[in-house]
Amino acid sequence: MSDSIKKYHEMVENGEISPNMINKINKFKMSKKLLTEDLILDKMEEKGIAEPGSIDVSEMQKIVCEYYDASIKHDWSSANMYFTVMSTADGYELYMATENESSPYFDEDIYYYESDWFEKLPGCIQDGMTIHVDEHYQDEYGYEDAITEVYEGYWTDQKEEIENDLIEEGYEWKQENGE
């Protein structure tokens, strides 16, 4: 306990503070605007910001692309990032994530395994890029995981912004010592 709180309790115990003054102090304590997790989540709901897990991937994609001014297209024209699949001469598939579709860096842009293929997608969305993704690969888990990752970051940022707005309005988190 802080020294001032200890002093307050000593004064109450010794009868140095009248019951009327104690009531006024307690009313003041209760008049504080209490900031809670539920209040923040309610404000988010009022703004139409759905929790991750309660919204489908296509809706998350729409929200984050709008928020970050990015777009995901199925055609090659005017994209500045490409996620596509290429076939080797002997029939193997290679997964490409590159800014230069005609001259990719093989050690940075070509993936032998599909699992890591979309690891660059979150950054591309957050950078506001126009992104080409082959349409039939948007149902892949890696793609959905990347969209979900970006949405979770967006959701966390929005939550922090609402928390800060409430603090500016005079709301306070309950103190550890119950005061």
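Of note:
- Taking Cα centre as origin and charging only the Cβ of basic (Lys, Arg, +1) and acidic (Asp, Glu, -1) residues, the dipole magnitude of the stretch 32-173 rounds to 280 debye.
- Using a cutoff of 8 angstrom between alpha carbon atoms and counting only pairs six or more residues apart, the relative contact order for the stretch 44-104 works out to 19 percent.
- Summary value for the stretch 32-173: 35 percent relative contact order, contacts being C-alpha pairs under 8 angstrom separated by 6+ residues.
- Prolate is the label for the stretch 69-110, because the ratio a/c of its alpha-carbon gyration tensor axes (a ≥ b ≥ c) is 1.5 or higher and a/b is greater than b/c.
- Over all pairs of different C-alpha atoms in the stretch 32-173, the reciprocal of the mean inverse distance, the Kirkwood hydrodynamic radius, equals 16.9 Å.
Computed from the coordinates by the stated procedures, all read-outs in this text should not be read as laboratory data. Every value quoted in this text rests on a predicted model; they were computed, and no experiment measured them. Virtual Cβ from ideal backbone geometry, glycine too; neighbours counted across all protein chains shown.
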